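Have a look at the structure below before the remarks.
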Amino acid sequence: MKDLTPDLCDNFEQDVRWLPLTMQNYGGRSVFYGEVVTLRCFEDNSLVRDILARDGKGKVLFIDGHASCSKALLGDQLALLAVQNGWEGIIINGAARDVGTIATLDIGVKALATCPVKTVKRQTGEENVTLTVAHTLVYPGDMLYADLNGIVFSKRPLDLSVVSA
């Protein structure tokens, strides 16, 4: 299944919301989906580590970094932690770093750009809040589906048997 989101948009037009934001793919997995966990933070990835240290089976972390690309909210160590804890993917409205290594990991990662600079550590941010990114509401508990075509959300899990192989 290489093109998940077009089939979902065709078959569940009334049930999906598209995120009209161009993101780059950096993870080793280009197609991924799961229940959304949200985090809003600005140039501080302290809470990213806290969240990725938890069980992430069936989940995708959506980080709203306010589109800042001055500091990387995800690097190879946090991506490896996510893999070890079973996360399906990470979406970053901001930057990632160590993307050469992240590309070798079995996890989906999308971000606006790369930045080699690490973040500050102030333990700031808000978890499990509704986000507004590119005029799109992102709710904790939504289902997120991502591939090379983009990202779509639904309020409930969608039947993936409609997706062509």
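Nothing in this text is a laboratory measurement; each read-out follows from the coordinates by a stated rule. Nothing here was measured: the structure is a model prediction, and the numbers come from that model. Positions of Cβ are backbone-derived with ideal geometry, glycine not excepted, and every protein chain shown enters the neighbour counts.
What the table shows:
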quantity	calculated
Listing of helices (runs of 4 or more DSSP H) fully contained in the stretch 43-118 that carry 2 or more residues being closer than 19 Å to TYR145 by Cα	76-84
Where CYS9 falls short, out of the listed (1) without any contact (Cβ under 8 Å) to a residue 60 or more places away in the chain; (2) in contact with a Phe, Trp or Tyr (Cβ under 8 Å, 6 or more places away or on another chain); (3) farther than 17 Å from GLY108 by Cβ	(1)
Out of ASP142, ASP76, sole residue that is of a type in the set (Asp, Glu) and closer than 24 Å to ASP15 by Cα	ASP142
Qualifying residue in the stretch 83-99 (condition: among the hydrophobic types (A, V, I, L, M, F, W, C), in contact with a helix residue (DSSP H, G or I) (Cβ under 7 Å, 6 or more places away or on another chain) and over 17 Å from GLY34 (Cβ atoms))	yes
Scan of the stretch 147-162 for residues that are free of Cβ contacts under 8 Å to residues at least 40 places away in the same chain and small (Gly, Ala, Ser), ordered by number	SER161
Checklist (1) buried (at least 17 other Cβ atoms within 10 Å of the Cβ); (2) among the charged types (D, E, K, R); (3) touching a helix residue (DSSP H, G or I) at 6+ places or on another chain (Cβ under 9 Å) applied to LYS121, failing item	(1)
